[in-house]
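Worksheet for the structure shown next.
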Amino acid sequence: MAQTYPDQIWHNGRIKPWAEATVHVMAHALHYGSSVFEGIRSYDTPNGAVIFRLTEHNKRLFNSAKIYDIQIPYTLDEINAACRAVIKANGLSKAYLRPVAYRGLGGFGLSAETPTDVAVAAWQMGPYLGAGVLEQGIDACVSSWQRFAPNTIPAGAKAGGNYLSGQLVAREARRLGFGEGIALASTGLLSEGAGENLFLVFDGALHTTPVSAALLNGITRNTLITLARANGIEVVERDIPREYLYLCDELFMCGTAAEITPIRSVDGKPVGAGKPGPVTQRMQELFFGLFSGKTKDQWGWLEPV
Ligand code: PMP
């Protein structure tokens, strides 16, 4: 199916036609992966369209840039405003937003001080892992590729180059007929999905892997930990060996794109009853309730467009 694109994009300080937001073939980021980015969703609510945890996401964008000494020539408020502007310019409400800051054209050495170019795109996106997955769940596999070791590439930065790892994991899973791949860390312990954090359920409690397990400290992960604790569901952050994927009562992935995607089997073994379980469904209810108004937003997460 041919991809269709939105009309307008924000690029280097202004809204312009999508087709004009181009990059030079010798831009630093294209060769060396030197970009940092975010994935953010906006939702319709009874009180109008909101961008979910916009400020938190863009703070992480600046933190990712800090790790790599990428100077973003805008303030946090300006990037937040760009996100709002690009949604409005395209007449969107429920959308996926992609701010990206990248080393542009201006030097070919690894440590070159190039200008930083910045763009924010927004488009309509359904469930990341396919239609119906939020209800039915996916079949996942453990990847033959490991995540990078903590003293190699920092998993805590959401940088373009990190997604070479994610592409290996995701593409291998699709090639083998699975919905998504799960990676182990260099320690051999569980890390995360190609682009999602993991939650396992044991006896009604949520168990999730710690930031030391080569993962991105997900904002959805943090949201679910907060929602669970506020609703009397215990949350444990701990190292988890691979075999517990097969032994847990329920399993799901979470992320901005994947939202809360249940996993019904891993490596061909059914997880629990082999279908989305009650704790997973409760977390979906609490999460999506933020946008329907059923879950009270006590945290100021819903930022108006
Ligand atoms: N891990 C990776 C590798 C990701 O790319 C993402 C998506 N940004 C996540 C986890 C989930 O993070 P978040 O909930 O902040 O989208």
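Can you pull out the residues in region 164-182 that are surrounded by 16 or more Cβ atoms within 10 Å (Cβ to Cβ) and touching a residue at least 40 places away in the same chain (Cβ under 8 Å)?
Initial filter on region 164-182 (surrounded by 16 or more Cβ atoms within 10 Å (Cβ to Cβ)): 165-166, 168-170, 172-173, 178-182.
Hits for region 164-182 are 178, 179, 180, 181, 182.
Given the structure, is residue 38 surrounded by fewer than 18 Cβ atoms within 10 Å (Cβ to Cβ) and acidic (Asp, Glu)? Spell out the reasoning first.
Details: surrounded by fewer than 18 Cβ atoms within 10 Å (Cβ to Cβ): no; acidic (Asp, Glu): yes.
No, not satisfied.
Can you go through 249, 239, 203, 267 and tell me which one is surrounded by 17 or more Cβ atoms within 10 Å (Cβ to Cβ) and either within 15 Å of the ligand (Cβ to nearest atom) or modelled with pLDDT of 95 or more (or both)? I'd like the intermediate steps shown before the answer.
Working: 239 fails: surrounded by 17 or more Cβ atoms within 10 Å (Cβ to Cβ); 203 fails: surrounded by 17 or more Cβ atoms within 10 Å (Cβ to Cβ); 267 fails: surrounded by 17 or more Cβ atoms within 10 Å (Cβ to Cβ).
Going through 249, 239, 203, 267 in turn, the sole match is 249.
Is it the case, given these coordinates, that residue 199 is over 24 Å from residue 3 (Cβ atoms), among the hydrophobic types (A, V, I, L, M, F, W, C) and in contact with a Cys (Cβ under 7 Å, 6 or more places away or on another chain)? Give the derivation first.
Numbers: over 24 Å from residue 3 (Cβ atoms): yes; among the hydrophobic types (A, V, I, L, M, F, W, C): yes; in contact with a Cys (Cβ under 7 Å, 6 or more places away or on another chain): yes.
So residue 199 fits the description; yes.
Enumerate the pairs (first residue in region 206-231 and without any contact (Cβ under 8 Å) to a residue 24 or more places away in the chain; second residue anywhere and within 13 Å of the ligand (Cβ to nearest atom) and of a type in the set (Val, Ile, Thr)) with beta-carbon separation below 9 Å, excluding pairs fewer than 6 apart on the same chain, so at least 6 apart or on different chains.
Here the result reads 225/208, each pair linking region 206-231 to a residue that is within 13 Å of the ligand (Cβ to nearest atom) and of a type in the set (Val, Ile, Thr).
Within the set of pairs 6 or more residues apart or between chains, which connect a residue that is over 17 Å from residue 139 (Cα atoms) inside region 275-287 to a residue that is basic (Lys, Arg) with Cβ atoms less than 8 Å apart?
Note: pairs meeting the criteria are 285/294.
How many of the residues making up region 139-158 are in contact (Cβ under 8 Å) with a residue 60 or more places away in the chain and surrounded by 22 or more Cβ atoms within 10 Å (Cβ to Cβ)?
4
Within region 183-207, can you find the residues that are polar (S, T, N, Q) and closer than 25 Å to residue 40 by Cα?
Filtering region 183-207 for residues polar (S, T, N, Q) gives 186-187, 191, 197.
If the condition is that a residue be polar (S, T, N, Q) and closer than 25 Å to residue 40 by Cα, then 191, 197 are the ones that fit.
Name the residue, out of 176, 168, 189, that is out of contact with any Asp or Glu (no Cβ under 8 Å at 6 or more places or on another chain), under 30 Å from residue 273 (Cα atoms) and away from the ligand (no atom under 14 Å from the Cβ). First the steps, then the outcome.
Working: 168 fails: away from the ligand (no atom under 14 Å from the Cβ); 189 fails: out of contact with any Asp or Glu (no Cβ under 8 Å at 6 or more places or on another chain).
Selected residue: 176, the only one of 176, 168, 189 that is out of contact with any Asp or Glu (no Cβ under 8 Å at 6 or more places or on another chain), under 30 Å from residue 273 (Cα atoms) and away from the ligand (no atom under 14 Å from the Cβ).
Within region 101-120, work out how many residues are touching a residue at least 60 places away in the same chain (Cβ under 8 Å) and surrounded by fewer than 21 Cβ atoms within 10 Å (Cβ to Cβ). I'd like the intermediate steps shown before the answer.
Of all residues in region 101-120, those touching a residue at least 60 places away in the same chain (Cβ under 8 Å) come to 101-108, 110, 112, 114, 117-120.
Those left that are additionally surrounded by fewer than 21 Cβ atoms within 10 Å (Cβ to Cβ): 105-108, 110, 112, 114, 119.
Count: 8.
Surrounded by 14 or more Cβ atoms within 10 Å (Cβ to Cβ) and closer than 30 Å to residue 284 by Cβ: does that describe residue 185? Talk me through it step by step, then tell me what you get.
On the way: surrounded by 14 or more Cβ atoms within 10 Å (Cβ to Cβ): yes; closer than 30 Å to residue 284 by Cβ: yes.
Taking the combined requirement at face value, the residue satisfies it.
Restricting to helices (runs of 4 or more DSSP H) lying wholly in region 24-104: which have 1 or more residues that are under 18 Å from the mean Cα position of the chain (by Cα)?
Values: elements: 28-32, 54-67, 76-89.
Correct list: 54-67, 76-89.
Filter region 220-236 for residues that are within 16 Å of the ligand (Cβ to nearest atom) and either in contact with a His (Cβ under 7 Å, 6 or more places away or on another chain) or part of a helix (DSSP H, G or I) (or both) and give the result. Break it down into steps so the answer makes sense when it comes.
Within region 220-236, the first condition is being within 16 Å of the ligand (Cβ to nearest atom), and the residues that meet it are 220-228, 235.
If the condition is that a residue be within 16 Å of the ligand (Cβ to nearest atom) and either in contact with a His (Cβ under 7 Å, 6 or more places away or on another chain) or part of a helix (DSSP H, G or I) (or both), then 220, 221, 222, 223, 224, 225, 226, 227, 228 are the ones that fit.
Kindly provide the set of residues from region 124-177 that are more than 30 Å from residue 8 (Cβ to Cβ) and among the polar types (S, T, N, Q), ordered by number.
Passing the criteria: 136, 143, 144, 146, 151, 152, 165.
The values are calculated or read from the model by the stated rules, or taken from the named source; none is laboratory data. Since the structure is predicted, the reported quantities are computational estimates derived from the model, not experimental observations. Cβ coordinates were reconstructed from backbone atoms using ideal geometry, including for glycine residues, and neighbour counts include every protein chain displayed.
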